[in-house]
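Scroll down for the structure; my scribbles are underneath it.
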């Protein structure tokens, strides 16, 4: 931990709820970052968080924090529905941070997400999406196993999670892109959705969304996000119920959050089991460390694997899927989605 190192990247936290706890724990393990300040509109929660993690500066708002204590990187760990106004406050602060790390999804409304991406770019503030699973060593070994060609050319991908498309779809899609070296280009998306959930705790979204994404000169992806998705063998913890299967010309492979990865191909069968919690904080710390390095180099920031380009990639496919579900037709993945495109979604999604 480098909390006493003046050269460490100064990090501020917007929101002191449960997800912020994970960020604070990861920052304690970071070699290049230190938690310098936090803000929460709930004064009692902010004060308790500050005591628990020995945060030197606690504020009632992000604007107050950035006015009194500028930081290099701001982590936005607020509920998804209020991320746009938080980012607005950050970008209009007297001394905005050099970078913003936003929890997924970056927004629950299409136009809000696009505006966050555009406004950060115009303000010269680097935007990062919190896709820490990319930094799990076992998942990197799985990616390398797939890239070695052990299951041949991959023709079909199946991804499923028990959480909604806005709660966990971003992680699933980001990992699909990660496994293919971030080379996949989405052409078209078709989807259907049923039910609707808006309980105030999670991003409002259909209870269940299922669809197909076709990638240019790549495999076809079948995805399901929601309570009716298939169950993955192993831990029944709902958060752990997420995984990806790959079907290639010479074998099959897969990964699930509650088990690890496996591969049955030309070199035989290999697998690696691990506990998600064992790797989560170190992976989050590795993401922080990589951002600290990237912020010193504009080219590295632009090419960062959790940067704005990758964040926009998964967000755009999610919004295209919701638009396809609302319209009942194929949607071009690259076509921007307007909020009015999704107005029919709740009516069409009633179970």
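Quick notes on this one:
- In region 184-310, Cα pairs under 8 Å separated by at least six residues give a relative contact order of 12 percent.
- Using the Cβ-Cβ distance between residue 82 and residue 300 with R0 = 30 Å, the FRET efficiency computed as 1/(1 + (r/R0)^6) comes to roughly 0.50.
- Rounded to the nearest 0.05, the FRET efficiency derived from the C-beta distance between residue 45 and residue 153 at R0 = 35 Å is 0.10.
- Here the sum of -39500 (n - 2.57) over DSSP H runs of 4 or more residues, divided by the residues of the chain, equals -10500 deg cm²/dmol at 222 nm, to the nearest 500.
- Stokes-Einstein D in µm²/s, Kirkwood radius over Cα pairs - region 14-162 at 20 °C with 1.002 mPa s viscosity: 126
- Exposure proxy order (Cβ contacts within 10 Å, fewest to most) of 61, 30: 61, 30
- Extension gain from residue 344 to residue 309, taking 0.36 nm per residue of separation minus the Cα-Cα distance: 9.7 nm
- Debye intensity ratio in log₁₀ form over the Cα atoms of the chain, taken at each q of 0.10, 0.11, 0.13 Å⁻¹: -0.60, -0.73, -1.03
- Backbone N under 14 Å from the residue 220 label point (7 Å along Cα→Cβ), restricted to region 143-175: 155-159
- Computed over all pairs of different Cα atoms, the Kirkwood value for the hydrodynamic radius of region 133-212 is 14.5 Å.
- Computing FRET efficiency as 1/(1 + (r/R0)^6) for residue 231 and residue 92, where r is the C-beta to C-beta distance and R0 is 45 Å, gives about 0.45.
- Going by neighbour counts of Cβ atoms within 10 Å, the residues 247, 165 line up, fewest first, as 247, 165.
- Spin-label model distance (nm) - residue 277 vs residue 57, 7 Å beyond Cα toward Cβ: 3.4
- Ranked 175, 13, criterion: other C-beta atoms within 10 Å, fewest first: 175, 13
- Per-selection metrics, region 119-168 (Cα): Rg and Dmax in Å: 16.1, 45
- Relative to one another, the C-alpha centroids of region 69-94 and region 128-164 are positioned 30 Å apart.
- Fraction of the pair-distance distribution of region 20-84 above 16 Å, Cα-Cα pairs, percent: 44
- Within region 88-116: backbone nitrogen closer than 12 Å to the residue 67 label point (7 Å, Cα to C-beta): 93-95
- Based on C-alpha pairs under 8 angstrom that are at least 6 apart in sequence, region 134-351 has a relative contact order of 26 percent.
Computed from the coordinates by the stated procedures, all read-outs in this text should not be read as laboratory data. What you are looking at is a predicted structure, and each value in this text was computed from that prediction instead of being measured. Ideal geometry is used to build each Cβ from the backbone, glycine not excepted, and the neighbour counts take in all protein chains shown.
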